[in-house]
1. Look through 125, 106, 18 and report the one residue that is among the β-branched types (Val, Ile, Thr) and either surrounded by 10 or more Cβ atoms within 10 Å (Cβ to Cβ) or at pLDDT 90 or above (or both).
2. Name the single residue that is nearest to residue 124 (Cα to Cα) among those in region 42-71 being among the β-branched types (Val, Ile, Thr) and open to solvent by less than 30 Å² (accessible area, probe 1.4 Å).
3. Give me a count of the residues in region 41-89 that are basic (Lys, Arg) and assigned to a loop (DSSP other than H, G, I, E, B).
4. Could you count how many residues in region 72-100 are farther than 13 Å from residue 49 by Cβ and surrounded by fewer than 13 Cβ atoms within 10 Å (Cβ to Cβ)?
5. Find all pairs meeting these conditions: Cβ atoms under 8 angstrom apart; at least six residues apart or on different chains; first residue within region 41-62 and small (Gly, Ala, Ser); second residue open to solvent by 60 Å² or more (accessible area, probe 1.4 Å) and in a helix (DSSP H, G or I).
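The values are calculated or read from the model by the stated rules, or taken from the named source; none is laboratory data. Predicted model, so just to flag it, every value in this text is computed and none were measured. Here Cβ is always computed from backbone atoms with ideal geometry, including for glycine, and neighbour counts include all displayed protein chains. Remember, those area values only see protein heavy atoms, side chains included, never the ligands or the DNA or RNA. Shrake-Rupley method; radii C 1.70, N 1.55, O 1.52, S 1.80 Å.
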Amino acid sequence: VTATARKWLSNSLSTPLIGLRDLLVVYTIGRALWLGHFNRLPLLSRALLAGPCALALTALIIAVMPFWVPKGTGGVDHIAFPLFFMPAIWAVIFFYALLDRSLGRIAIVMAIIAVIHLIALRAIIFG
């Protein structure tokens, strides 16, 4: 048998197997979606906690931060520190919301932090 014949035989046998494997993968994923194995609610909840909720919590922390950060000698540290640390605060909240396994724990921790800062903001605004 020549090399050309072996190559033709090899290609003709492997091509249908690749097609069958691809069909099997598509069938398996389609069936899992049809049966509801990929639940989209946790994905949506995690996206909401890591997206808009993380931004809102970061804005709240930044709004209250000048009042609990000690003032520097120049008098501008209480304004500069929140702006300087804003990306780090957002990143910690964002990655925590993405990487923690429990959605309930993420929501509870973010809610506790928000309530503490809302109480502080209310005390600052209304005296």
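1. Details: 125 fails: either surrounded by 10 or more Cβ atoms within 10 Å (Cβ to Cβ) or at pLDDT 90 or above (or both); 18 fails: either surrounded by 10 or more Cβ atoms within 10 Å (Cβ to Cβ) or at pLDDT 90 or above (or both).
Criteria check complete, one pass: 106.
2. Going through region 42-71, the residues among the β-branched types (Val, Ile, Thr) turn out to be 58, 61-62, 64, 69.
Restricting the remaining residues to those that are open to solvent by less than 30 Å² (accessible area, probe 1.4 Å) gives 58, 61, 64, 69.
On the way: 58: 18, 61: 13, 64: 8, 69: 14 Å.
Across region 42-71, the extreme among qualifying residues is 64.
3. So the first thing to find is which residues in region 41-89 are basic (Lys, Arg), and the list is 46, 71.
Imposing the further condition that a residue be assigned to a loop (DSSP other than H, G, I, E, B) reduces the set to 71.
Looking only at that region, the number is 1.
4. Looking only at that region, the number is 10.
5. Listed by first residue and then by second, the contacts come to 50/98; 54/90.
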